[in-house]
Structures are given as structure tokens and as C-alpha cells.
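*Asks:* Just passing along the structure, written as C-alpha cells.
The values are calculated or read from the model by the stated rules, or taken from the named source; none is laboratory data. Model, not experiment: these values are computed from the prediction. Here the Cβ positions follow ideal geometry from the backbone for every residue, glycine too, while neighbour counts run over all protein chains shown.
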Amino acid sequence: MAQSSGVVFPEVDGKRSTSALGRAVVHDALLPVDPVGAQAAARETNWRQGYLHHFRRLVEAGLISDEAAVALARAGLDSLHQRMRVTTPDGEVPVDEAFAHAPVNRPLETVVVRGTAPRSRELSVPFHGERLRGDALQRQLDHWTVAGSMEPSAAEALREVVAHPDWLELAGQRVVVLGAGAEMGPLRALLSWGADVVGVDLPRPEIWRRVLQTARGSAGTLHVPVHVGSGVGDERLDERAGADLLHDLPGITDWLTGLEEPLVLGNYVYADGATNVRVAMAVDTLSSELLQRRSDVGLAFLATPTDVFAVPAAAVEQSVQGYRSPSPVMRLARPALRTLSGGRLLRRNYAPGSDPGLNDSLVPQQGPNYALAKRLQRWRATAARQDGVAVSLKVAPPTRTRSVVKNRALAAAYAGAHRFGIEVFEPATSNTLMAALLVHDLRSGRAPDPSPWREETYGAVHGGLWRTAYDPRSALGLAVVLGLGSART
């Protein structure tokens, strides 16, 4: 595993084992509320397959009480911060000590890029080659709600944004988009609405050419980090812009500390494999430090739908009704498929009457590192809300991003998912909806639900995974087979 510098996994018996880290963190998170589950995680010998059960148990244990959910989140965060390391001139130290031990050799300064286009003054959503606005958007929100692709609260929130177009500009507030070039990030939508955005991404010219082109053709303002002394103004800005969260954590933190206006720190970063945990940990360390330095910082996250969530009784009921009333084809095929598979295929999504239901949409192909990186974000959201920090965490829909379609099995599963009532969204649709829901969280004045699991369901756009008739993993293999011929690769 190439991770010799920056934020790194701890060494265990001379190796940097991602499985050992995952087992230990899940054990530590469960220990305050579920000691039996904690010991089961610690004894798991096949973490790469066995993690699925333990990540489900993390959610089940948090349903004991709201206090249990918060205690579990804090324990998981504490474990990660104690165990993960960062390399410094003084050697490897816990990540939280990076600011004391790692000097800022090349401080960052800001180049401001102002767009010249007129501001979009209403919410419009790209959809199948068109832009939905007004009555057309209202009808599509109705359709998504009835089909079960989004929770009713998401449609209600989006309608509020439609009714208050002045919210879109986010006047007096800056959104920091960590992962400025990410397909699922809100940068393009926010800039089109005239917002003030801070962009952070790796110092790679190909990323910044796209980001800068977007900014210059927008109505917004983009604040770009460059190293002091690297040049002035727009001169070769794509070659000078960017900062590396894994290796320049103190410098980025100092730079963000000095920016004016209240900040919303938005986490939209992604990396493949074990690096995803490292960069998620870098962002969480940055978040924790910035919250200590400033009193005007909020947090924003996108949760993946391919995780475990407690879901409301209404979602369970729609799922149960779907199972009881299958299509004519499924009515004929389901008994045979269940018999031939020994009951493994096409299982019910929930037991009737579950309240809340437990939706387990973890996808084995995404692996334990992806699950840990995303769960870390949910833990931070839970803990920060408890501490009085403004937090926006929204479940984003299954989306045909580059990272998904390059995985042949996932691409095929997404292509066949509609056969089971799952809607897979295009990136432009997803990121615009998510940006609008972020605006709603920042401008509506809505108080968060004191129950962590209920707050996670508010405004969720899960593509139908919560309301489909079938346990998602029990339909995954069939979706792959049905989608192989039409998967886009």
C-alpha cells in the first residue's frame, strides 16, 4: 500500500493494515453501547467480507436511544483520531498533532475568479437532456415521491427552495467545496446561482482547467488556493491552483482560518480504495481543527445510499405493499428464483410493521474502506449537531458517476436496477438536487430533529433503495445479470 507520507494508516505488527484499522474502530465505536457486538467485530477474521454484518450492527446499536447513537459516533471518531497517523519532521504522530508538529513550509494565498454570466434566478434541474423548472419540476417531484425515489420531505424542501429563489445566492455566506472537481459536488450549481464559493482540490491542471472554466462562465465568485510566490492573478492559474489535503493539512487549515465570511465546510472528496479513508480522515481533522478556531463554521456532507439506514414506517409500508403486489412477471419468477437460491434471492426488504425499518444497502463490491470513510462522515455530522454546529447531511441518490461506471459489476447493477424499482440518476441531476437541498438547510431555518436517525432521513434522495420491495443485496446479482447488456462502460 503506497502511503508513505501525509495522513497514513497506523502500523500494526509492522504493516499498515486497513482491515486491522477497520476492526479496531468498529470495536471501539460499539463498545460503549454494545459490548457483545464490539467483541464480535474484534474477533472477525475475514474483514473484507464480514464487515457487512458489523456495519449493520453499528446502526442497530444506535437505535437503542438517541444518547446511544451520539455515544457511538463520538467513540468511533475518537478511535479514528487516536489511531490514524500523519507524517511530520518529528516522525509519525496522531493526526490531531499535525498542527503542532508539521510546519507550513509553503503558505497559501487566494486568487479570486469572478464569473461574468447572469445569475440563474430560479431553481431548474437538468433531467434527460432538458431543464425542469416551474410546473414541470413540480410534476417531476410528485413523480419521484410517488415512485419512492425520494422521501416526501425532500420534495417539500425542494418546493420551498422553488418558492424562495432569493435563497439560491447564499448572500453573506461562503461554501467551501472540498473536492471542487467532484462530479457529485455542488460547485457548478452554486456558482450558477451567484454564490461565493471556495474551491479546494488537488494541484492537478486537468482538474483546475475544468473548475476554472466553470467559474469564469458562471455568475458566482470562486476563491482559489495557490502557494505564496507561485505567480499572480490568472497567470497560468490552472497550473498553480490547488492544495493536497493528505500532505498539506496545516497549510489548508491556516488558509481557511483566515478567510472572511461565515464558512460552510462541504466534504465532497473521494478516492479509490484505502486512500478514501485517508482523505476522509484528513477532512475530518481539518473540520475538527477549524471548528475549534472559528465559531462561524458549519459542515456539509453527502451520504451514500449504499449504506445502512434506519428508515420511517411509511417507507417500510410502501416496500411491504410492493412485495405483496409484484408485477405479473415477478409473480411467476419469484417463487422459482427463491427456491433455486435457497431463499437468498429476492428477500423482503423489511419485516411487515417494522418501525423504524433497517435498510441495508451496503454493496460488497465497494468494500470496507468505502464504508468506513462514509460512516466517518455520518459520525461527525451526529456529533457536531449535538455540539450545536449547523450541519447539512443529505442522502444522495445512486448516480452514474465515473467512479461507478468504471466498475463493471456496479455499472451492470445500475443498468438493471430499474427492474426492481431503483432509479439511478445522472450526475447533473443529482448534484443540482443536492445543491438545492444544501441551500434549503442553510436558509430555511429548520431545526434539526433531535433523533440522529430521523435527522438522517430528512430530505433523503435514495433512488428507491429504502422503498423497494426487495432487500437490495438479494436483488443485486439479478440486477447485474439483467443490466450486463445495457451497462454503459
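*Asks:* Among (1) more than 19 Å from the chain's Cα centre (by Cα); (2) within 30 Å of residue 425 (Cβ to Cβ), where does residue 254 come up short?
*Replies:* (2)
*Asks:* Would you check if there is a residue in the range 387-401 being assigned to a helix (DSSP H, G or I) and in contact (Cβ under 8 Å) with a residue 12 or more places away in the chain? Spell out the reasoning first.
*Replies:* Our first condition is that a residue be assigned to a helix (DSSP H, G or I); within the range 387-401, this holds for none.
No, the range 387-401 contains no residue that is assigned to a helix (DSSP H, G or I) and in contact (Cβ under 8 Å) with a residue 12 or more places away in the chain.
*Asks:* Would you mind telling me which numbered condition in (1) within 30 Å of residue 284 (Cα to Cα); (2) at pLDDT 95 or above residue 363 fails?
*Replies:* Only one criterion in (1) within 30 Å of residue 284 (Cα to Cα); (2) at pLDDT 95 or above is unmet by residue 363, namely (2).
*Asks:* If you scan the range 433-489, which residues turn out to be more than 15 Å from residue 319 (Cβ to Cβ) and among the hydroxyl-bearing types (Ser, Thr, Tyr)? Outline the logic, then answer.
*Replies:* Taking the range 433-489 first, the residues more than 15 Å from residue 319 (Cβ to Cβ) are 433-456, 458-459, 461, 476-489.
Residues satisfying the conditions are 444, 451, 458, 486, 489.
*Asks:* OK, next. Quick test of your reading of the structure: residue 434 fulfils all but one of (1) farther than 23 Å from residue 127 by Cβ; (2) among the hydrophobic types (A, V, I, L, M, F, W, C); (3) in contact with a Pro (Cβ under 9 Å, 6 or more places away or on another chain). Name the failing condition by number.
*Replies:* (1)
*Asks:* Looking only at residues that are touching a residue at least 24 places away in the same chain (Cβ under 8 Å) and either among the charged types (D, E, K, R) or not in a loop (DSSP other than H, G, I, E, B) (or both) in the range 28-46, which one is surrounded by the most Cβ atoms within 10 Å (Cβ to Cβ)?
*Replies:* Let us first name the residues in the range 28-46 that are touching a residue at least 24 places away in the same chain (Cβ under 8 Å), namely 28-34, 37.
Filter again for either among the charged types (D, E, K, R) or not in a loop (DSSP other than H, G, I, E, B) (or both), leaving 28-30, 34, 37.
Working: 28: 21, 29: 30, 30: 26, 34: 20, 37: 21.
Out of the qualifying residues, it is 29.
*Asks:* Checking the condition on the phi > 0 side of the Ramachandran plot, in contact with a strand residue (DSSP E or B) (Cβ under 6 Å, 6 or more places away or on another chain) and of a type outside the set (Phe, Trp, Tyr), which residue from 346, 393 passes?
*Replies:* Working: 393 fails: on the phi > 0 side of the Ramachandran plot.
From the options 346, 393, the qualifying one is 346.
*Asks:* Okay, next question. Residue check: is residue 353 among the small types (Gly, Ala, Ser) and out of contact with any Pro (no Cβ under 9 Å at 6 or more places or on another chain)? Explain how you work it out, then say what you get.
*Replies:* Details: among the small types (Gly, Ala, Ser): yes; out of contact with any Pro (no Cβ under 9 Å at 6 or more places or on another chain): yes.
It is true that residue 353 is among the small types (Gly, Ala, Ser) and out of contact with any Pro (no Cβ under 9 Å at 6 or more places or on another chain).
*Asks:* Do you know which residues across the range 63-101 are surrounded by 15 or more Cβ atoms within 10 Å (Cβ to Cβ) and β-branched (Val, Ile, Thr)?
*Replies:* If the condition is that a residue be surrounded by 15 or more Cβ atoms within 10 Å (Cβ to Cβ) and β-branched (Val, Ile, Thr), then 70, 86, 87, 88, 93, 95 are the ones that fit.
*Asks:* Could you go through the range 121-134 and let me know if any residue there is more than 30 Å from residue 466 (Cβ to Cβ), outside any helix (DSSP H, G or I), within 28 Å of the chain's Cα centre (by Cα) and in the same structural domain as residue 461 (by TED's automatic domain parsing). Walk me through it before giving the result.
*Replies:* The first filter runs over the range 121-134 and keeps only residues more than 30 Å from residue 466 (Cβ to Cβ), leaving 121.
Adding the requirement that they be outside any helix (DSSP H, G or I) leaves 121.
Narrowing further to those that are within 28 Å of the chain's Cα centre (by Cα): 121.
Those still in the list that are in the same structural domain as residue 461 (by TED's automatic domain parsing) too: 121.
Yes, some residue in the range 121-134 is more than 30 Å from residue 466 (Cβ to Cβ), outside any helix (DSSP H, G or I), within 28 Å of the chain's Cα centre (by Cα) and in the same structural domain as residue 461 (by TED's automatic domain parsing).
*Asks:* Hey, another quick one. Could you say whether any residue in the range 96-113 is closer than 27 Å to residue 384 by Cα, touching a residue at least 24 places away in the same chain (Cβ under 8 Å), not in a helix (DSSP H, G or I) and not charged (D, E, K, R)?
*Replies:* First pass over the range 96-113, keeping only residues closer than 27 Å to residue 384 by Cα: 96-102.
Retained after the next criterion (residues that are touching a residue at least 24 places away in the same chain (Cβ under 8 Å)): 96, 98-99, 102.
Going one step further and asking which of them are not in a helix (DSSP H, G or I), we end up with 102.
Cutting the leftovers down to not charged (D, E, K, R) gives us 102.
Scanning the range 96-113, I find at least one residue that is closer than 27 Å to residue 384 by Cα, touching a residue at least 24 places away in the same chain (Cβ under 8 Å), not in a helix (DSSP H, G or I) and not charged (D, E, K, R), so the answer is yes.
*Asks:* Could you tell me whether the range 102-114 includes any residue that is on the phi > 0 side of the Ramachandran plot, surrounded by fewer than 20 Cβ atoms within 10 Å (Cβ to Cβ) and in the same structural domain as residue 380 (by TED's automatic domain parsing)?
*Replies:* So the first thing to find is which residues in the range 102-114 are on the phi > 0 side of the Ramachandran plot, and the list is none.
So far as the range 102-114 goes, no, none of its residues is on the phi > 0 side of the Ramachandran plot, surrounded by fewer than 20 Cβ atoms within 10 Å (Cβ to Cβ) and in the same structural domain as residue 380 (by TED's automatic domain parsing).
*Asks:* Shifting gears a bit: Could you figure out which of (1) farther than 30 Å from residue 328 by Cβ; (2) surrounded by fewer than 18 Cβ atoms within 10 Å (Cβ to Cβ) isn't true of residue 433?
*Replies:* Checking residue 433 against (1) farther than 30 Å from residue 328 by Cβ; (2) surrounded by fewer than 18 Cβ atoms within 10 Å (Cβ to Cβ), the one that fails is (2).
*Asks:* Please pick out the residue among 135, 142 that is closer than 23 Å to residue 312 by Cα and of a type in the set (D, E, K, R). Steps first, answer last, please.
*Replies:* Values: 135 fails: closer than 23 Å to residue 312 by Cα.
Step by step, each of 135, 142 is checked, and only 142 is closer than 23 Å to residue 312 by Cα and of a type in the set (D, E, K, R).
*Asks:* Looking at the structure I just gave you, is residue 402 farther than 23 Å from residue 463 by Cα, in contact with an Asp or Glu (Cβ under 7 Å, 6 or more places away or on another chain) and of a type in the set (Lys, Arg)? Let's see the steps before the verdict.
*Replies:* Working: farther than 23 Å from residue 463 by Cα: no; in contact with an Asp or Glu (Cβ under 7 Å, 6 or more places away or on another chain): yes; of a type in the set (Lys, Arg): yes.
No: the conditions fail for residue 402.
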